[in-house]
Amino acid sequence: MAGEAFLKRVISLAITFIMALALLPVADAPALSMGDVSATVTAGGFHNLVVKIDNSLWAWGSNEFGQLGDGSTSERGVPMNIMDSVASVSASDSHSVAIGTDGTLWSWGHNEYGQLGDGTTEDRHDFERVMDSVASVSAGSGHTMAIRTDASLWAWGYNAYGQLGDGTTQDRLSPEEIMDSVVSVSAGVIHTLILKADGTLWACGSNYFGQLGDGTTEDRLTPVIIIDSIVAVSAGYGHSMAIRADGSLWAWGYNGYGQLGDGTTEDRLVPVKIMDSVTSVSAGYAHSTVVKTDGSLWAWGYNEHGQLGDGTTDDRLAPVRIMESATSVSAGVFHTTALSIDGSLWAFGSNFFGQLGNDTDEHSYAPLKAMDDVAMGSSLMIFDFSQPTPLLVPDVQPGLPPYSISSGAQGGGEGDADGGGASGGQNVPAVLDDLALYLKQIAVIGFVIVVTAAFLAFLLIVVKKEKAKSIYVTETHKETTASGGTRAAVITAVITTALLSCFFILLRRKKAEDNMQHCPKKHCKKKKASASFIKRIILIITAVSAAFLVCAAVVKKIKYRR
């Protein structure tokens, strides 16, 4: 009898320990990212797409959903040739789109919301043809926007915030026509910026941070006019950037990391002027990048992973000069790619998934050369607003004469956005960033182990007391005591599970509010956080119920063997 009671307690202890291990933290889902207007170089969430001068498409980095298009889900640390006869590309955090030289549109990768436009919600690990006569395309986090050669705008995918601009919040699995006379479009995470032929900028979708720029925080299910005389746009996570016809840069929306570049961390509900003489712009997850008329590359905002390329991990509230002789730039989630005038591609920032293309996982806080012979498309479309403007079809041009990177590529300080930046800035080794991350993970796991050990110790004390009591009672009372010990073990398991679950829920919700790095793909808004919380509670209740059933079955089996 004593042996059976001991066996029951051991089983309960094992279940408690397994349930505690099941609650150990796992890697968060990739943060959401946005896609630039179609170009020859695009930085997705954690992968890159590049068109070379021979019109071949190359890809590398994260491939969890098949977004590289190589037929697998294996990440790639170096560029791989994916397809040929490509004119331009656009990448989000988990899906990719490309326009062929014949105007055909192709898509692949994640398709949970129909963002591939193939009429299904099935992921594609290889490219799938979507439509013809396409001139430009932009991949958002869960939706896609495309402009056809007749200047009509088409949209499909995730639409919970009206980011498709069709007047509804219904997801679309195939392309739907939205409006006419459109020359450029940029799909953010859950909002969209649309540039019409007359130079007016229109916006729709989520407006939680004021990223639409209409002076409110109200979501818009159909496009609303924002500002005129615009020639280029870029939509980030919660902020937006636009270049006016005079070359001035304007920004609005979320500014928690200084990504607007106005020297503050205050959100802006309407466009504010940032700097002059800008020819190319790209808004990343929480940082921004531009190329000026003199070829200098500037960056500002969030910089924890070195995505600004200034040799540090310090956030910047104002533009910092990074390198020279750039023609275009693309900002991803935590990394950035820049194209030089000689056709070479440079990358910097996070390298968790090999997105820097150097076959390592080491971050780089300064630009590293990734490849050569990259095609050059038009980085800026100039319109004559006094006359109707024809749609510009993406072009592919050969590279120009070579250049050498200036000292600004190795480090930089904040300086005048319209002049030179003071050099300086320490080049912090990337290994320190990795070490800090590992120490954080070890600290969290250590906390879980300590809490689990404390409850297991408490449980052992309870078991020992029950065993001591059984010496002085009858055989009948022994059986009752053993059963009581089993119930105590199960109750302890439930308490342990509940406490650990609450700890991780609070930890992750705090992280979401502070860093916006744990925003689920189909939410990205604080009022939606409750849905994720409810899902976790349901999973916990299910796990606890399963534990009760296992314990009951084991106890019943042992009693029948007697």
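Considering only residues that are in a loop (DSSP other than H, G, I, E, B) and of a type in the set (Asp, Glu), look in the range 170-197 and name the one that is surrounded by the most Cβ atoms within 10 Å (Cβ to Cβ). Among those that are in a loop (DSSP other than H, G, I, E, B) and of a type in the set (Asp, Glu), it is Asp171. Given the structure, is Ala251 surrounded by 19 or more Cβ atoms within 10 Å (Cβ to Cβ), farther than 21 Å from Gly167 by Cα and either outside the structural domain of Ala331 (by TED's automatic domain parsing) or small (Gly, Ala, Ser) (or both)? For Ala251, the condition - surrounded by 19 or more Cβ atoms within 10 Å (Cβ to Cβ), farther than 21 Å from Gly167 by Cα and either outside the structural domain of Ala331 (by TED's automatic domain parsing) or small (Gly, Ala, Ser) (or both) - is met.
Does the range 200-215 include one or more residues that are without any contact (Cβ under 8 Å) to a residue 12 or more places away in the chain and either surrounded by fewer than 22 Cβ atoms within 10 Å (Cβ to Cβ) or not aliphatic (A, V, I, L, M) (or both)? No; the residues of the range 200-215 include none that is without any contact (Cβ under 8 Å) to a residue 12 or more places away in the chain and either surrounded by fewer than 22 Cβ atoms within 10 Å (Cβ to Cβ) or not aliphatic (A, V, I, L, M) (or both). Here Ser136 meets the list (1) closer than 22 Å to Thr289 by Cβ; (2) surrounded by fewer than 24 Cβ atoms within 10 Å (Cβ to Cβ); (3) not hydrophobic (A, V, I, L, M, F, W, C) almost entirely, failing just condition (2). Looking only at the range 16-59, residues that are modelled with pLDDT of 95 or more, buried (at least 24 other Cβ atoms within 10 Å of the Cβ) and farther than 17 Å from Gln307 by Cβ come to 6 in all. Yes or no: Ala375 in the same structural domain as Gly247 (by TED's automatic domain parsing), surrounded by 23 or more Cβ atoms within 10 Å (Cβ to Cβ) and more than 24 Å from Thr73 (Cα to Cα)? Answer is yes for this residue. In the condition set (1) touching a residue at least 60 places away in the same chain (Cβ under 8 Å); (2) touching a His at 6+ places or on another chain (Cβ under 7 Å), Val233 is compliant with all but (2). Being closer than 24 Å to Gln355 by Cα and among the small types (Gly, Ala, Ser) holds for only one residue in Ser88, Ser133, and it is Ser88.
If you go through the range 240-287 and keep only what is in contact with an Asp or Glu (Cβ under 7 Å, 6 or more places away or on another chain), under 28 Å from Ser325 (Cα atoms) and among the aromatic types (Phe, Trp, Tyr), you end up with just Tyr257. Filter the range 50-98 down to the residues that are in contact (Cβ under 8 Å) with a residue 24 or more places away in the chain and either of a type in the set (Phe, Trp, Tyr) or out of contact with any strand residue (DSSP E or B) (no Cβ under 8 Å at 6 or more places or on another chain) (or both) and list them by number. Selection gives Asp54, Trp58, Trp60, Glu64, Phe65, Asp93.
If we keep just the residues of the range 216-233 that are over 19 Å from Asn159 (Cα atoms) and of a type outside the set (A, V, I, L, M, F, W, C), which is surrounded by the most Cβ atoms within 10 Å (Cβ to Cβ)? Full working, then the answer.
As a first pass, look at the range 216-233 and keep what is over 19 Å from Asn159 (Cα atoms): 216, 225-233.
Subset that is of a type outside the set (A, V, I, L, M, F, W, C): 216, 228-229.
On the way: Thr216: 13, Asp228: 13, Ser229: 16.
Result: Ser229.
The values are calculated or read from the model by the stated rules, or taken from the named source; none is laboratory data. In this text the structure is predicted, and so the values were computed from the model without any measurement. Glycine also receives a Cβ, built like all others from the backbone with ideal geometry; neighbour counts cover every protein chain displayed.
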